[in-house]
Amino acid sequence: MTKLLIIVGSTRPGRSADAVVPWVVKSAREHGTFDVEVADLRDWPLPHFAEHFGTIGDFNDPTYSDPAVKAWNNKVKEADAFIVVTPEYNHSVPGVLKNAIDTVWLSFGFRNKPVGSVGYSGGISGAIRAIEHLAHIFVEAEAVPLRNTVILPQVGEAFDEAGEPASPMPAAAMGVLLDDLAWWSAALEMARAQGELIPGSFRVRAAVAAATAKA
């Protein structure tokens, strides 16, 4: 079964994520494709990213500068697919979420794995601008951000007393997202099993070094 890690990208008190995440988790479990785990960044007090080649230790099994950094890299590396639940701060993602993604360094934990996004906001945007930025960030992490997303504008009115969406749109969008995530997870798991290319930055460096040596 595909290991799905749901990353909760807000840590501030009173966050609306606490209304959104239970529905996301329930939907993912009911889909039947995924072994679901939640990574709430409140439970991962990661230091501000400051890793460099002097802090990683063994390149093949990095220790990093802090045990929490190593544990977070391992947690992400173990997953096959991701859903990120995010609000929008100043047209982008929360800093704590960006830091958590940046901290997955040299383990390439997100590489060649699909990422779905669920955005929410108190206003009309549904965090769509944060989701757009998130896609750019995950492309650089060599993940596969999915086109179809779930947006929850006016999140304070988005759920009924039972915690279910008050309109049919969120559930429909979530169904599409989960189907896409399952399809891409299966395709990419098969591709990874057949062998992965060395990360492009390493290949470029090696090619330049080889060309320089011949010159």
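For region 2-214, the Cβ-based charge dipole about the Cα centre amounts to some 700 debye (Lys, Arg positive; Asp, Glu negative; other atoms uncharged).
For region 1-96, the set of GluC sites (Glu not before Pro) satisfying both a DSSP loop assignment and a count of at most 11 other C-beta atoms within 10 Å is empty. Note on region 2-214: dipole from Cβ charges, positive end direction compared against Ile131, Val104, Trp184; the farthest Cα belongs to Val104. Among the trypsin sites (Lys or Arg not before Pro) found in region 84-183, those both in a DSSP coil and sparsely packed, with 13 or fewer other Cβ atoms within 10 Å of their Cβ, are Arg147.
Summed over qualifying helices (DSSP H, 4 residues or more, each -39500 (n - 2.57)) and divided by its residue number, the chain shows a 222 nm mean residue ellipticity of -13500 deg cm²/dmol. Note on region 61-215: antiparallel DSSP beta bridges, both residues inside, total approximately 15 percent of the bridges counted. The mean sequence separation of alpha-carbon pairs under 8 Å and at least six residues apart, normalised by the residue count of the chain, gives a relative contact order of 20 percent. Within the chain, helices built from complete DSSP H runs that reach 27 Å or longer along their own axis (Cα positions) and carry a mean Kyte-Doolittle hydropathy of -1.0 or higher are 168-193.
With a Förster radius of 30 Å applied to the beta-carbon distance between Glu164 and Gln194, the computed FRET efficiency rounds to 0.15. Extension gain for His91-Glu37 works out to 16.7 nm (0.36 nm per residue, less the C-alpha to C-alpha distance).
Taking region 2-214 as the region of interest, the number of lysine pairs whose Cα atoms are within less than 26 Å, with members eight or more places apart or on different chains, is 17.
Since every read-out is calculated from the coordinates, none of them should be taken as a lab result. Everything quoted here is computed from the prediction, not taken from an experiment. Virtual Cβ from ideal backbone geometry, glycine too; neighbours counted across all protein chains shown.
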